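For reference, the structure is listed below as structure tokens.
The values are calculated or read from the model by the stated rules, or taken from the named source; none is laboratory data. Just so we're clear, the structure is a prediction, and the values are computed from it rather than from any experiment. Neighbour counts are summed over all protein chains in view; Cβ atoms, including those assigned to glycine, are modelled from backbone coordinates with ideal geometry. In case anyone asks, the SASA skips ligands and DNA or RNA and just uses the protein heavy atoms, side chains included. Shrake-Rupley method; radii C 1.70, N 1.55, O 1.52, S 1.80 Å.
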Amino acid sequence: MIIIMKPNASQEAVQKVTHMIESRGLQAHLSKGSQVTIVGVVGDKTKLADSNIEISEGVDKVVAVTESYKLVNKKFHPEDSVVLVGNTHIGPGIMTVMAGPCAVESREQLMETAYAVKKAGASFLRGGAYKPRTSPYSFQGLEEEGLKYMKEAREATGLHIICEVTSAHAIEAASKYVDMLQIGARNMQNFELLKEAGKTGIPVLLKRGLCATIDEWLNAAEYIISEGNPNIVLCERGIRTYETSTRNTLDISAVPVIRQKSHLPVIVDPSHATGVRAYVEPLAKAAIAAGADGLMIEVHPCPKQALSDGPQSLTFGDFEALMKNLKPYCDLAGRSC
Ligand code: PEP
Ligand code: MN
């Protein structure tokens, strides 16, 4: 449930309500908006049954929150959250572009890509060092060596770096190098991994699972935030449907749905959603129009030779053109990019 305080409620009244909640063994989460303060309650609300909280000083009304996710719920925090990564904000007014290879393959490949995506206007370098591949015989990633190259690329270009983590061990290693952890589609419901990422406090990009509903996805985010890490960005990357023309089906409607249900920023990955280079630009434009806070795009110096996801990867020239072509769409959406 949430307790909505009156616009003129005093600090003491808010404290009294918070104290009443906590003294009964529940958690109180404050959200101070420009107009009103909301006290979100997590725990067994029957413990408040005889509290008369709805007639406490300064309380306007008490509203039940029926969804199982609470802290990521917009009802708990009506204003859109901004996630800070280094000195970069992800959220309203900005179109954050994360670009780079599917996998870090070599130092040269990564450095070359880092300079190219920086020049074209990306603010994050993506690159997988731990690759969750369908086949155990496919390239699995350079692991810590790859993380070292990512760090070197950050130092050389000033780009923020994001890497996928697939295990607690990978989180421990990546925490020493990266600005943002990525939890991929295949691990969206790996609850132990979500909890570990929650404990780090490092910003997390949580991709939507291949077959996950939006409610399951938001509950996955709740695992991270309930461990004390509110720095979460969601990423729609397509879901599995009966359609075979594209690798997945981009659920563009997830963007406005998330906007309505949650305060967390949401970005779109048209590369994994389609699996086809030619469809990346139209869907990137659609994502901006739908209200996305950013994009994740795969870029490779020579897609034909990529060790993974070549067919969906853009060349440097493609990416530069894409960024130019997206500019008017960002302007129209009121976002800087
Ligand atoms: C990736 O970003 O490289 C990746 C594997 O994505 P997803 O988890 O969305 O498949
Ligand atoms: Mn990929």
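For the reader, a short list of remarks on this structure follows.
- DSSP loop trypsin sites (Lys or Arg not before Pro) with at most 13 other Cβ within 10 Å: longest gap in the chain: 1-175
- Between 0 and 90 degrees, the angle of helix 144-157 with respect to the longest Cα principal axis of the chain falls at about 90 degrees.
- Applied to the range 82-90, the Karplus parametrisation 6.51 cos²θ - 1.76 cosθ + 1.60 on θ = phi - 60° returns per-residue 3J(HN,Hα) values of 10, 9, 9, 10, x, 9, 10, 9, 10 Hz, with x for Gly and Pro.
- Of the residues Cys163, Val104, Val299, the one whose Cα sits farthest toward the positive end of the charge dipole of the chain, with +1 on the Cβ of Lys and Arg and -1 on the Cβ of Asp and Glu, is Val299.
- Rounded to the nearest 20 debye, the dipole magnitude of the range 2-63 is 120 debye, with +1 charges on Lys and Arg beta carbons, -1 on Asp and Glu beta carbons, and the Cα centre as origin.
- Probe 1.4 Å, protein heavy atoms only - accessible area per residue of the chain in square angstrom: 43 Å²
- The calculated FRET efficiency for Arg107 paired with Arg133, based on their beta-carbon distance and R0 = 25 Å, is about 0.70.
- Relative to the current alpha-carbon distance between Ala286 and Glu243, full extension at 0.36 nm per residue lengthens the span by 13.6 nm.
- Apportionment of accessible area to carbon and sulfur, the chain, percent (1.4 Å): 51 percent
- Cα centre as origin, Lys/Arg/Asp/Glu Cβ charges: the range 64-109 dipole, Debye: 200 debye
- A cysteine counts as unpartnered when no other cysteine's C-beta lies under 4.7 Å of its own; in the chain this applies to Cys102, Cys163, Cys211, Cys235, Cys302.
- Förster-model FRET efficiency, 45 Å R0, Gln305 and Val65, C-beta, rounded to 0.05: 0.35
- A simple charge model with +1 on the Cβ of Lys and Arg, -1 on the Cβ of Asp and Glu and nothing else charged puts the dipole of the chain at about 320 debye relative to its Cα centre.
- Rough spin-label spacing in nm, given labels placed 7 Å along Cα→Cβ, for Glu155 and Ser51: 5.1 nm
- The chain: antiparallel DSSP beta bridges as a percent of all, rounded to 5: 40 percent
- Entries in Lys47/Lys261; Lys45/Lys70; Lys16/Lys61; Lys148/Lys199 that, when Cα-Cα distance is taken, lie over 18 Å: Lys47/Lys261; Lys148/Lys199
- At R0 = 51 Å, FRET efficiency that the Cβ-Cβ distance of Gln260 and Thr315 yields, to 0.05: 0.85
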